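Q: Next up is a structure, given as structure tokens.
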Amino acid sequence: MKPRQLVMQAFGPYADKETIDFSVLRDQQLFLITGPTGSGKTTILDAMTFALYGTASGDLRENRSLRSDYASPKVRTEVQLVFTNQDRTYEVTRSPEQELVKQRGAGTRSVPAGASLVEIDEKGERTLLASSYGAVTKEVEAILGFKAAQFRQLMVLPQGEFRRFLMADSKERRIILETLFKTQAYRKLEEALDARAKALKKDYDEAAAKKAHLLEQAQTASLEELVQVLSQNKHLLKEKEKEAAEMSAVLKKATAALEGAKKQQDLFASYETVCARRKALEEKEGTIENLKKKLKLLDEAQKLHAPYDRARQSLNRVRQAEALEKEAEKDYARALEEVTTRSQKATSTNTALLQEEVARAREELARMTAVSGEMVRLAGSLEKGKPCPVCGSLTHPHPATQTQEEKARLQKEQHDLEEKIAALKKEQDALEKAQGALKKAAGSLETAKRSAKEAAHALDHDKEAFKKALEASPFPDQPAFLAAHHDLSQKEALQEEVNRFEAQKASTEGELKILQKEISGKEKPLLAPFEEKEKAARICYEAVAAQQGALSERIAREEKERDTLKSLEEKIAKLQDDYGPIGLLAATAKGQNSENLSFSAYVLQAILDDVLKAANLRLSAISEGRYTLYRREGIHDARKEQGLDLEILDAYTGQARSVHTLSGGESFFTSLSLALGLSDVLESYAGGLHLDTILVDEGFGSLDPETLDKAMNTLMDLQKGGRLVGIISHVAELKERIPAQLIVRGGVMGSHALFRV
């Protein structure tokens with residue numbers, strides 16, 4: 001990873017937007033970050049680490065403290081880093097959670113943390129890779145290949161963090177090496193072997209437990225003993241099957257004898273039942289004979305039914321004719337009375353005289369109308385003071401009024417006469433209608449009398465015919481016939497009863513003959529002896545059958561147990577064969593050996609040895625051959641993870657000692673050598689990570705001039721290999737020896753950074 005551009009806004013001591021363009025370095029791969037204490041040199045490392053991982057470069061700084069105290073409350077704290085990794089360019093932008101003033105109104109608003117990661121191709125096209133705080137961190141970890149802790153120990157080495165890899169214990173160093181060299185597969189192999197061995201052991205224990213349980217259930221000590229018991233039980237089963245067959249034959253014989261006795265007893269019971277039925281039929285013979293006689297009388301009554309029915313119908317017709325005749329007489333009397341009343345009323349009025357009076361009134365009215373018209377004309381010609389041509393009077397007080405009154409009287413008289421004529425005409429119409437009804441009633445009465453006479457004649461004829469038929473029948477009189485005739489509806493039911501009796505009698509006689517033939521020469525048997533023999537035979541058979549069934553079930557269970565035990569023993573044997581090599585591999589890989597060394601630890605030891613070889617080349621040059629790093633051998637504390645602890649050999653004393661005994665300057669150049677050696681090995685391993693950048697924060701002030709010179713030579717050699725090396729220091733000699741410098745200046749309005757190349 002190489003930084004290309006870093007933009008800080010309201011971050012740390014940088015109040016405004018501050019842009020650091022690393023591209024101005026061009027071919028100069030070694031640069032110095034210099035400036036007064038507190039001006040913001042380390043903040044540059046914090047900004048890079050925060051942009052990538054969302055945390056500062058040092059453990060003591062929190063994200064909330066990264067906001068600039070110089071910044072305006074309206075300006076958002078934000079860091080943007082453009083970097084390259086394996087020839088691909090990325091832009092990561094991140095801002096912490098912060099409080100800003102509201103855009104409207106008073107007070108502040110809480111702004112949540114945000115982040116985004118974009119890839120920029122050669123054409124400048126941008127592709128969003130992640131847009132949430134956590135997702136950006138995960139994506140950066142995947143791109144760079146390590147987490148924030150490893151980033152601080154290998155690339156950005158801040159104050160207090162620089163010596164951590166050197167001073168780390170085996171566990172912490174293992175985590176770092178696994179992450180950098182991607183050796184987790186070896187640990188996963190250990191875990192897979194261990195899981196497989198445990199699974200096989202679990203299967204083995206379960207199979208062994210099942211085997212022990214089955215043996216206990218079968219009450220045997222081994223599969224061989226169970227097979228022997230099974231063989232004995234099969235032999236015993238054959239004997240029980242033979243005994244059961246014999247008992248079955250005895251039972252069948254006893255059952256057949258009992259069934260025969262029951263059948264014979266049933267014959268006698270059936271004979272007794274049929275005899276009782278015949279006796280009941282014999283007792284019913286008298287009743288049936290009476291029914292037969294009654295049926296004969298009903299047959300005779302059936303013959304008389306036709307003439308009797310004709311006479312009865314003729315009688316009904318006579319009664320109906322007489323009723324119609326009486327009704328016709330009543331209708332005729334009513335019509336006659338109506339005609340008489342209407343005739344008398346019409347006679348009392350002289351119609352001709354009324355008509356003459358109407359004619360006379362009409363003539364008078366016409367005359368008066370003509371006179372009235374003339375008088376009206378004359379009245380219109382009268383003049384005051386001139387004589388009237390009719391009366392000669394010179395005054396005319398009432399001209400023509402008398403004539404008008406007479407005319408009105410005549411009109412009323414005419415109207416009254418016309419109303420009387422209309423009423424008289426209405427009465428005449430009603431009389432004519434009544435006369436028509438009288439004529440019709442007279443005809444109906446004549447017809448009714450004729451019908452009544454004919455019906456009476458027919459009744460006399462039918463009565464005589466029925467009388468002759470009754471005299472020829474066995475009935476002594478009409479009441480006797482009527483009694484039989486009343487029961488004709490029962491004839492069919494009585495005939496069915498007689499037929500049923502005859503059928504039952506014939507069937508009973510037939511059954512009796514058959515049963516008499518079957519029991520002839522036999523006695524009714526007693527069932528008790530046969531039942532006792534059958535019961536005894538059944539008890540014996542069921543006892544043997546139960547023993548046979550129980551033995552069969554036991555054999556089936558033992559065969560199942562045998563098969564299960566056989567399968568379990570085969571499974572146990574296979575599990576033992578499988579567990580042998582896998583268990584040994586798992587134990588070896590897990591570190592269950594004399595050196596307590598796991599497979600993954602062995603791999604990491606080999607990697608660490610290569611790192612130490614590369615580190616010792618630089619350490620020997622800086623220390624003039626005095627110090628050499630070694631991996632500590634052997635087990636010193638079985639409670640802790642071991643195998644990756646470091647110690648340093650001091651050539652002056654010839655003794656190896658802990659790296660924790662190194663002085664400040666010694667630990668600085670030893671840590672520097674170790675970091676550079678780790679970088680070399682990462683590049684040399686196929687598929688390893690490439691550390692393009694190393695940023696060192698302080699530490700050079702603890703070196704004497706000679707050691708500083710050697711350390712500088714080492715860094716100069718390092719940057720020749722294409723790595724970007726940045727040093728944060730205020731040592732004056734470094735300012736003289738490193739021309740490319742990023743100068744940080746502080747002020748009352750915040751800090752600023754500027755490259756001087």
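The values are calculated or read from the model by the stated rules, or taken from the named source; none is laboratory data. Just so you know, these numbers come straight off a predicted model, no measurement behind them. Heads up, the Cβs are rebuilt from the backbone with ideal geometry, glycines too, and the neighbour counts pull from every protein chain shown.
Q: Please list, ordered by first then second residue, the pairs with beta carbon atoms under 9 Å, 6 or more apart or interchain, first in the range 610-633 and within 17 Å of residue 660 (Cα to Cα), second aromatic (Phe, Trp, Tyr) and part of a strand (DSSP E or B).
A: 612/630; 619/627
Q: Looking only at the range 105-152, which residues are at pLDDT 90 or above and among the aromatic types (Phe, Trp, Tyr)?
A: Correct list: 133 only.
Q: Just need a number here: residues in the range 1-54 that are touching a residue at least 24 places away in the same chain (Cβ under 8 Å), basic (Lys, Arg) and within 27 Å of residue 113 (Cβ to Cβ).
A: Total meeting the criteria: 3.
Q: Of the residues in the range 707-749, how many are of a type in the set (Ser, Thr, Tyr), surrounded by fewer than 19 Cβ atoms within 10 Å (Cβ to Cβ) and within 13 Å of residue 35 (Cβ to Cβ)?
A: 0
Q: Which residues, counting only those in the range 170-185, are assigned to a helix (DSSP H, G or I) and surrounded by fewer than 18 Cβ atoms within 10 Å (Cβ to Cβ)? Give the derivation first.
A: Filtering the range 170-185 for residues assigned to a helix (DSSP H, G or I) gives 170-181, 184-185.
Hits for the range 170-185 are 171, 172, 175, 184, 185.
Q: Next question. Scan the range 63-84 for residues that are surrounded by 17 or more Cβ atoms within 10 Å (Cβ to Cβ) and either assigned to a strand (DSSP E or B) or of a type in the set (Asp, Glu) (or both) and jot them down.
A: Matches in the range 63-84: 67, 78, 79, 80, 81, 82, 83.
Q: Residues that are modelled with pLDDT of 85 or more, assigned by TED's automatic domain parsing to the domain that holds residue 83 and on the phi < 0 side of the Ramachandran plot, at least 3 per element: which helices (runs of 4 or more DSSP H) completely within the range 642-757 meet that?
A: In the range 642-757, the matching helices (runs of 4 or more DSSP H) lie at 732-737.
Q: May I pose another question? Can you tell me which of 442, 484 is surrounded by 13 or more Cβ atoms within 10 Å (Cβ to Cβ) and modelled with pLDDT under 70?
A: Numbers: 442 fails: modelled with pLDDT under 70.
One residue alone meets the criteria, 484.
Q: Is it the case that the range 622-629 has a residue that's out of contact with any strand residue (DSSP E or B) (no Cβ under 9 Å at 6 or more places or on another chain) and surrounded by 13 or more Cβ atoms within 10 Å (Cβ to Cβ)?
A: Within the range 622-629, one or more residues are out of contact with any strand residue (DSSP E or B) (no Cβ under 9 Å at 6 or more places or on another chain) and surrounded by 13 or more Cβ atoms within 10 Å (Cβ to Cβ).
Let's see how each residue does on (1) crowded, with 17+ Cβ neighbours inside 10 Å; (2) in contact (Cβ under 8 Å) with a residue 12 or more places away in the chain; (3) under 20 Å from residue 79 (Cα atoms):
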| position | (1), (2), (3) |
| --- | --- |
| 108 | no, yes, no |
| 111 | no, yes, yes |
| 114 | no, yes, yes |
| 121 | no, yes, no |
| 136 | yes, yes, yes |
| 139 | yes, yes, yes |
| 145 | yes, yes, no |
| 148 | yes, yes, yes |
| 151 | yes, yes, yes |
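Q: Let me ask something else about it. Could you identify the single residue in 199, 245, 249, 208 that is in a helix (DSSP H, G or I) and in contact (Cβ under 8 Å) with a residue 12 or more places away in the chain? Please lay out each step first, then the result.
A: Working: 199 fails: in contact (Cβ under 8 Å) with a residue 12 or more places away in the chain; 245 fails: in contact (Cβ under 8 Å) with a residue 12 or more places away in the chain; 249 fails: in contact (Cβ under 8 Å) with a residue 12 or more places away in the chain.
Testing whether each residue is in a helix (DSSP H, G or I) and in contact (Cβ under 8 Å) with a residue 12 or more places away in the chain leaves just 208.
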